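Take a look at the structure below.
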Amino acid sequence: MKFETTALHGAQAVEQDNLSRAVPIHRTTAYLFKSTEHAANLFSLKELGNIYTRIGNPTQNILEGRMAMLEGGAASLALASGTSAIFYSIINICQAGDEVVAANNLYGGTYSQFDSILPQLGINVTLVDPTNPENFSNAINEKTRALYCETIGNPGLTVTDIEAIAKIAQEHNLPLIVDATFTPPCILRPLEHGANIVIHSLTKWIGGHGTVIGGIVTDGGNFDWTDPKFSLFNEPDNSYHGLRYAHDLGEMNKIAFALRMRLVPLRNLGACISPDNCWAFLQGMETLSLRMERHSENGLAVAKFLQNHKQVEWVNYPGLEGSENYATASRYLKNGFGGMVAFGVKGGLEAGKHFIESLQLVSHLANVGDAKSLAIHPASTTHSQLSAKQLTEAGISESMIRLSVGIEHIDDILADIGQALGNK
Ligand SMILES: Cc1ncc(COP(=O)(O)O)c(C=O)c1O
């Protein structure tokens, strides 16, 4: 099946007892065991099946199966938020004393997680400028256990050369984790470029309507965890039947990463997604490729409009010919360049605030990927916890406005942006 068809039908076997066409919401906490033997088999993984909704649920299974198909991966795990998806991906690999090398142009929440929270657990993250992939190579040491980047850095919109970083990861036998939230799989599939683990905040374009929070991690099934340096995969897990995830899973060894994440961080820390939210994300998925076409079309039109506006200092949109990102963007992004546009208003901080406050149609809020157009001033909001030096390193200026261009009629979007710029 092609992408558009998979987005509607993938991973759903119609339930034969009720023949429901739409994916049913399974709103139950727990599932009956057929016998004590059945229960024991489920707990020891001799049989796969439903036990308790914190660990999995049939509505969630369809979301996960469909996402794995869309991403070209081996298995996915849905979680309560993109933030928990990132945290669980790291602690599924690293323990105290291990290290990660990550790009420094990350979403503000991820930056804080890496800069402040992970060190509390003894996991140190070295942040490097991803525009020169060699920086990853130079920062790797014997304690490094993973490399991490975003497909399009937030909010500077730098497109990452995933293949170059994946090559470095392979040379050092390290997994490459990619947060692809800004590029849903109809635009970019990082596993095809050598990534091993792909994360999405489902909250954004996949949900697509600004109504639900969720995250998902896709295991490419393309990383060999048997290197003893990955001790969480090679030593017996006393919390789960002494299992060695890289060795004892038989046919499921290929999805050792996804399975361990379900059995250890999710089962014991509990950032589970609700079946209702899974259903909402499945609804979003159905129209994802259609919406992305319009987001991209409108994004490009807004970028061109801003480029020609005399109140605008600079515009950054990956699809703008002549932009420094254009060559890399054209290599990686298919079917459009997405809906994110960043620009600087002439007049610095005050002009930026004035623009934001003058918007009428475009909503001023901290989110991206809604069907409705959104705007924010990162320096005073999402990235306000960063020092001046960290802001500069992340490519954020005081006058920067970040737009998440929606799917309204382009004339209405341009009219609002034009009036907010003063129509000069
Ligand atoms: C790139 C990126 N990753 C992760 C997240 C976190 O996702 P969530 O809000 O679903 O926790 C965000 C949120 O804005 C994001 O932009």
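Quick notes on this one:
- Taking every residue in region 375-401 that is within 15 Å of the ligand (Cβ to nearest atom) and pairing it with any residue that is charged (D, E, K, R), at least 6 positions away or on another chain, the pairs with Cβ-Cβ distances below 6 Å are ILE376/ARG402; PRO378/ARG402.
- Identity of the residue in region 15-25, loosely packed, with under 12 Cβ neighbours inside 10 Å and of a type outside the set (Asp, Glu), that ends up nearest to LEU290 (Cα to Cα): ALA22
- Residue match in region 343-366 (condition: touching a strand residue (DSSP E or B) at 6+ places or on another chain (Cβ under 8 Å), under 29 Å from ALA166 (Cα atoms) and not in a helix (DSSP H, G or I)): no
Residues are listed down the side, and each one gets a yes or a no for (1) part of a helix (DSSP H, G or I); (2) open to solvent by 30 Å² or more (accessible area, probe 1.4 Å); (3) under 18 Å from PRO184 (Cβ atoms); (4) among the polar types (S, T, N, Q):
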{"residue": "ARG260", "(1), (2), (3), (4)": "yes, no, no, no"}
{"residue": "LEU266", "(1), (2), (3), (4)": "yes, no, no, no"}
{"residue": "ASP276", "(1), (2), (3), (4)": "yes, yes, no, no"}
{"residue": "GLU293", "(1), (2), (3), (4)": "yes, yes, yes, no"}
{"residue": "ASN298", "(1), (2), (3), (4)": "yes, no, yes, yes"}
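- HIS295 vs. criteria touching a Ser or Thr at 6+ places or on another chain (Cβ under 9 Å), closer than 30 Å to ILE417 by Cα and in contact (Cβ under 8 Å) with a residue 12 or more places away in the chain: yes
- Within region 57-109, being assigned to a loop (DSSP other than H, G, I, E, B) and either open to solvent by less than 10 Å² (accessible area, probe 1.4 Å) or within 11 Å of the ligand (Cβ to nearest atom) (or both) holds for ASN57, ALA80, SER81, ASN92, ILE93, CYS94, ASN105, LEU106, TYR107.
- Per-region count, region 25-52, residues under 21 Å from LEU79 (Cα atoms) and in contact with a helix residue (DSSP H, G or I) (Cβ under 7 Å, 6 or more places away or on another chain): 6
- Some residue of region 64-75 being under 26 Å from ASP227 (Cβ atoms) and not small (Gly, Ala, Ser): yes
- Residue within region 110-131 that is open to solvent by less than 10 Å² (accessible area, probe 1.4 Å), of a type in the set (S, T, N, Q) and either within 16 Å of the ligand (Cβ to nearest atom) or assigned by TED's automatic domain parsing to the domain that holds ILE396 (or both) present: yes
To keep it simple, each residue is scored yes or no on (1) assigned to a helix (DSSP H, G or I); (2) surrounded by fewer than 24 Cβ atoms within 10 Å (Cβ to Cβ); (3) in contact (Cβ under 8 Å) with a residue 60 or more places away in the chain; (4) within 12 Å of the ligand (Cβ to nearest atom).
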residue	(1), (2), (3), (4)
ALA164	yes, yes, no, no
GLN170	yes, yes, no, no
ASN173	no, yes, no, no
THR181	no, no, yes, yes
CYS186	no, yes, yes, no
HIS200	no, no, yes, yes
TRP205	no, no, yes, yes
GLY208	no, no, yes, no
THR211	no, yes, yes, no
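The values are calculated or read from the model by the stated rules, or taken from the named source; none is laboratory data. The structure displayed is predicted, hence computed values, not measured ones. Every residue, glycine among them, receives a Cβ derived from its backbone with ideal geometry; neighbour counts consider all protein chains shown. Please note that ligands, DNA and RNA were not included when accessible areas were found on the heavy atoms of the full protein model with its side chains. Shrake-Rupley method; radii C 1.70, N 1.55, O 1.52, S 1.80 Å.
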